Amino acid sequence: MEAPIITATLVRRIEWSDTDAAGHQHNSAIMRFVEACEAQLFRDLELPDYFGQAPRVRHEVNFRAKLWFGQEVTTEVSLRRVGETSMTFSFRVWGEAFGDGPRRPAADGEFVTVFVPWGGEQSAPWPAHIREAVLDHAH
């Protein structure tokens, strides 16, 4: 796999509201963690206008292990590709060592966003300032 263009990392703890009745994470919690990390990436780039104009058009999640209430979780989102109208991201979520258990991958996957201008209904080319801000941070 090629090197990411830019990566963000976010650490948080599994809260009670992130769990189901069995005490482990609800599947939707993974996506909230990924979206929070994606938001951090674009806040770090000072691109608030990304939000509300970048809907998902594809999303894939591979669930690997359970996360438990109180466990610390690290999420990493990496921008892998910038196209004319889309961006492709990969993500990894892992649970830090908890109780007697080791650090374990909890989920990974990929998602694609497209640029849809305010009031629009279909994708359009990314604005130059967004493309430039992202590509200027390439590793």
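Values in this text are rule-based calculations from the coordinates and carry no lab data. For clarity, every value in this text was computed on a predicted model and none was experimentally measured. Cβ coordinates were reconstructed from backbone atoms using ideal geometry, including for glycine residues, and neighbour counts include every protein chain displayed.
Only Cα pairs under 8 Å and 6+ residues apart enter the sum, and on that basis the relative contact order of the range 1-122 stands at 31 percent. About the centre of its Cα atoms, the chain shows a dipole size close to 320 debye [charges on the beta carbon of Lys, Arg (+1) and Asp, Glu (-1) only; nearest 20 debye]. Among the GluC sites (Glu not before Pro) in the range 41-139, those located in a DSSP loop and surrounded by at most 16 other Cβ atoms within 10 Å of their own Cβ are GLU46, GLU84, GLU96, GLU121.
Which net charge results for the neighbourhood of LEU45, defined as the other residues with beta-carbon distances under 12 angstrom from its beta-carbon, given Lys and Arg at +1 and Asp and Glu at -1?
Neighbourhood net charge equals -4.
Local charge for PHE111 was computed over the other residues whose Cβ lies under 10 Å away, with Lys and Arg +1 and Asp and Glu -1, and equals -2.
Look at the alpha carbon pairs under 8 Å that are at least 6 residues apart: their mean separation over the length of the range 70-139 gives a relative contact order of 26 percent.
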